[in-house]
Amino acid sequence: MKRNLAQMATETYDLLIIGGGITGACIAWDAALRGLKTALVEKSDFSGATSSAPSKLVHGGLRYLKNLEFGLVRESLRERRYLEQIAPHQVDPLPFLLPAYRQSQNSPPILLAGMTLYELLSYDKRWLQDPDKQLPSFHPLSRKETLRRVPQLTPEGLISGLLYYDCLMHSPERLTLDFLQAASEAGADLANYAEVTGFEREGKSLTGVTLQDRIGGENLSLKSKVIVNASGPWADLLLGLMEEEPARHLLRSKGIHIITRAIAPLDQALTLTNEQGEHLFIIPWRGYSLIGTTDRQFEGHPDQFKVTSEDIDELIEKTNRMYPAAALTRTDVRYFYGGLRPIVEKETKVKVDSYKASRKHEVYDHEEEGIHGLISVIGGKYTTARHLAEQVVDKVYHQLKQPKAPCPTIQAQISGGKIERYQDFVSAQQSKWCLYRPELIAHLCRSYGARVDKVLEVGKTAPGLLDPLSPDLQEVGAEILYAVREEMAQTLADAVFRRTGLGTLGDPGTAALEKAADLMAQELGWDSEKRASELARVKARFVLPEAETAAQASA
Ligand SMILES: Cc1cc2nc3c(=O)[nH]c(=O)nc-3n(C[C@H](O)[C@H](O)[C@H](O)COP(=O)(O)OP(=O)(O)OC[C@H]3O[C@@H](n4cnc5c(N)ncnc54)[C@H](O)[C@@H]3O)c2cc1C
């Protein structure tokens, strides 16, 4: 993946995608595989917004059954299987325990009925070559067995439990990058830190965009026959660059997560609900607990999004209320992150409850309002991004007035995902690279899949590059260099949060950050001032927000 905006400005594309989250990445992959001349631009880093903020689940979404969204659940369950196949190094089955309480909205018969339906809708869950990826069926648990599995559960009112299976991503940020890498290999041109600032048009037809290179500072134009707005929570604001009053308005719902000491056994996730219909996941995450989420309408500009002290307190309070054994305090929070769910506001003046709002996506062809060459994609789930991309690219062909090429992404694998059986693949790599520590190879297989050789090749170029950045970490220096050379990392934050797992559990320590900064400084020619400011920006991200004073809040 090489960034070359000057070259991109000389081309005329069939398709230009605005937004480098999972939606844009999947569209770029699909379109490039079908042979369309494709470009994608992202105003910050790839996967820098909502796509780095999910609960990391690849799931059907059991709770959507309550809203009778059978189509969405079936779509998600099918896409879950495709994702296990497309990216076997990134997506793994995970058991979930769902306890049934007397006072909860979900009585055991309701849970059993819902789970039976979920099971039926995932009838294809074993249609996978790798037996380790085939999800077992759910099974009911007695009260005793439920408590044996999670002794910390409140015993009062507990009737029984259910054990079911969904999937967990290893790294949503790297999975998005995997799709972008695959798009690039199929011929797509990509650039991060390239912000669309306006649309160019001839009459009713869009012909391209103006954009600002946020690295070099120049303003450029890109030409394209069709443009897809995949800017997630910014979708209506982006349309505002073209129309005074965009036809679609978005609701934005804020959701945050915290990572804490392990508050539940780490061999399964916990799905908790209560009588108010609240919902909480406690997910095992690299030896710690990942807890989420909140769901609160967000009124501000998405550029101003941040996780506040109140958000963290709210989630701690919710966790302690729904799972008292946690007894969490702010000092238990190692890391926190959040994002905005874009939800399409229907033609209604009634306030929508964002928690109950559908996670269904909407693909909107602006031809309906007389603008040719623009398609907007709004809403959706990470899990269903591949299918969403398929529908968008079909519409792109319609706009191009060309016969539709068949969608190849059900059968295709991304380059890092060209693996038949994941465990056999890891063993084979460990034998092939037997001079290196087996844990290092296993770690690199997880992050890079079938591209593991490429990182090891970088590691062989200088001594120490395959040593951990600090003794208690798995990440090695070669990953930082690979991120810069092959994955368009431009800032230290890109490398720490979105190319490696260095920041995923909170502050990895000064020694590791300093080494990573040294490698980037050397590679990108940073002076000491630039290196220090990059380090300061990353360190600031680990500081738990303090409650704002009234004056700060109104500023
Ligand atoms: C709290 C929370 C938990 C979730 N959990 C899950 C889960 O467990 N499983 C699941 O399947 N889904 C989950 N989701 C949903 C999932 O994360 C989103 O559906 C998905 O990430 C949306 O991706 P996107 O590419 O559409 O948006 P984004 O990732 O937000 O990408 C849009 C991009 O457009 C860019 N952009 C904006 N304006 C411009 C411009 N002018 N020029 C260039 N670029 C621009 C932005 O910088 C951004 O990177 C969750 C969402 C939230 C908020």
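Exactly one condition in (1) of a type outside the set (Asp, Glu); (2) modelled with pLDDT of 95 or more; (3) open to solvent by 10 Å² or more (accessible area, probe 1.4 Å) is not met by residue 260; state its number. Tallying (1) of a type outside the set (Asp, Glu); (2) modelled with pLDDT of 95 or more; (3) open to solvent by 10 Å² or more (accessible area, probe 1.4 Å), residue 260 fails exactly one: (3).
For every residue, the table says whether it meets (1) small (Gly, Ala, Ser); (2) touching a Gly at 6+ places or on another chain (Cβ under 9 Å).
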| residue | (1), (2) |
| --- | --- |
| 131 | no, no |
| 139 | no, no |
| 142 | yes, yes |
| 147 | no, yes |
| 173 | no, yes |
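Against the numbered list (1) open to solvent by less than 10 Å² (accessible area, probe 1.4 Å); (2) not assigned by TED's automatic domain parsing to the domain that holds residue 377, residue 84 comes up short only at (2).
Any residue at all in region 2-15 that is surrounded by 23 or more Cβ atoms within 10 Å (Cβ to Cβ), within 18 Å of residue 388 (Cα to Cα) and either among the aromatic types (Phe, Trp, Tyr) or within 12 Å of the ligand (Cβ to nearest atom) (or both)? The answer is no, given that none of the residues of region 2-15 is surrounded by 23 or more Cβ atoms within 10 Å (Cβ to Cβ), within 18 Å of residue 388 (Cα to Cα) and either among the aromatic types (Phe, Trp, Tyr) or within 12 Å of the ligand (Cβ to nearest atom) (or both).
The residue list 255, 208 contains one member that is crowded, with 17+ Cβ neighbours inside 10 Å, of a type in the set (Gly, Ala, Ser) and more than 10 Å from the ligand (Cβ to nearest atom), which is 208.
Do we find a residue being modelled with pLDDT of 90 or more, in contact with a helix residue (DSSP H, G or I) (Cβ under 6 Å, 6 or more places away or on another chain) and away from the ligand (no atom under 14 Å from the Cβ) anywhere in region 338-349?
Taking region 338-349 and keeping what is modelled with pLDDT of 90 or more, we get 338-341.
Cutting the leftovers down to in contact with a helix residue (DSSP H, G or I) (Cβ under 6 Å, 6 or more places away or on another chain) gives us 339-340.
Among the residues that remain, those that are also away from the ligand (no atom under 14 Å from the Cβ) are: none.
So far as region 338-349 goes, no, none of its residues is modelled with pLDDT of 90 or more, in contact with a helix residue (DSSP H, G or I) (Cβ under 6 Å, 6 or more places away or on another chain) and away from the ligand (no atom under 14 Å from the Cβ).
The number of residues in region 143-197 being open to solvent by less than 20 Å² (accessible area, probe 1.4 Å), β-branched (Val, Ile, Thr) and assigned by TED's automatic domain parsing to the domain that holds residue 111 comes to 2.
Considering only residues that are away from the ligand (no atom under 14 Å from the Cβ), of a type outside the set (Ser, Thr, Tyr) and part of a helix (DSSP H, G or I), look in region 379-404 and name the one that is most open to solvent (accessible area, probe 1.4 Å). Step by step, filter region 379-404, then rank; the result is 398. Report, by residue number, each residue of region 449-498 that is of a type in the set (Asp, Glu), assigned to a loop (DSSP other than H, G, I, E, B) and either at pLDDT 95 or above or crowded, with 18+ Cβ neighbours inside 10 Å (or both). Passing the criteria: 467, 475, 487. Kindly indicate whether residue 372 is touching a Gly at 6+ places or on another chain (Cβ under 9 Å) and at pLDDT below 85. So residue 372 fails the test.
If you go through region 128-142 and keep only what is at pLDDT 95 or above, open to solvent by 40 Å² or more (accessible area, probe 1.4 Å) and farther than 18 Å from residue 268 by Cβ, you end up with just 131.
Within region 16-39, the set of residues being within 14 Å of residue 196 (Cα to Cα) and either more than 7 Å from the ligand (Cβ to nearest atom) or hydrophobic (A, V, I, L, M, F, W, C) (or both) comprises 16, 17, 18, 39. None of 75, 42, 69 is more than 13 Å from the chain's Cα centre (by Cα), touching a residue at least 24 places away in the same chain (Cβ under 8 Å) and away from the ligand (no atom under 13 Å from the Cβ) except 69.
The values are calculated or read from the model by the stated rules, or taken from the named source; none is laboratory data. Computed from a predicted model, the values in this text were never measured in an experiment. Positions of Cβ are backbone-derived with ideal geometry, glycine not excepted, and every protein chain shown enters the neighbour counts. Heavy atoms of the whole protein, side chains included, go into the accessibility calculation; ligands, DNA and RNA do not. Shrake-Rupley method; radii C 1.70, N 1.55, O 1.52, S 1.80 Å.
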